[in-house]
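So the structure is just underneath, and the comments pick up after that.
Nothing in this text is a laboratory measurement; each read-out follows from the coordinates by a stated rule. All figures in this text were calculated on a predicted structure; none of them were measured in a lab. When we count neighbours, we look across all protein chains shown, and the Cβ atoms used for this are built from the backbone with ideal geometry, even at glycine.
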């Protein structure tokens, strides 16, 4: 398995990447990419030169998973979007390898922070279907994962919960924000906290 930059001329791999989006988000985020046409549009958008788009390929060149990132704040902050791994490859470290590779790509482009916005549209966590404005800090601190929400995957990779956009997907359907600095504090020009 190797991780490469997905390119516009890789038509077959682009179709495979789009198929992974449809299949990978069907159960818990069905409105994200409900069909191949919307997924193809997403992949093509991710291929723009200012973005990062990386794919994990098997020995035959088949896409096993892929990851993208969008620059923000003059490239100091990057949004991880999207990340998907083929169902038969999940739980084997491929997602971790894709995120680690993306962290390096962000560093190479001068990025400082990488963040992911992970929607809870289906009541997978204790942040869904409640009024988060009633003691938001406590609810974030005491979040529980009921149905395999991916926020725990990011936590295992060193991300931290940095916020929640309440009602992002409708009443009681938040977006959980997770972030990680990809360079050491002392390399970023900051001073040590007092």
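All of 101, 186 fail the test of being touching a residue at least 40 places away in the same chain (Cβ under 8 Å) and either at positive phi or not in a strand (DSSP E or B) (or both), apart from 101. Scoring residue 81 on the criteria (1) closer than 21 Å to residue 162 by Cα; (2) surrounded by 18 or more Cβ atoms within 10 Å (Cβ to Cβ) leaves a single failure, condition (2).
If you go through segment 2-19 and keep only what is loosely packed, with under 13 Cβ neighbours inside 10 Å and in a loop (DSSP other than H, G, I, E, B), you end up with 7, 8, 9. Take the conditions (1) surrounded by 14 or more Cβ atoms within 10 Å (Cβ to Cβ); (2) without any contact (Cβ under 8 Å) to a residue 40 or more places away in the chain; (3) more than 15 Å from the chain's Cα centre (by Cα); (4) more than 23 Å from residue 6 (Cβ to Cβ); residue 134 misses just one of them, which is (1).
If I ask for residues that are within 17 Å of the chain's Cα centre (by Cα) and either over 24 Å from residue 122 (Cα atoms) or part of a helix (DSSP H, G or I) (or both), which ones from segment 20-43 would you list? Result: 20, 21, 22, 23, 24, 25, 39, 42, 43.
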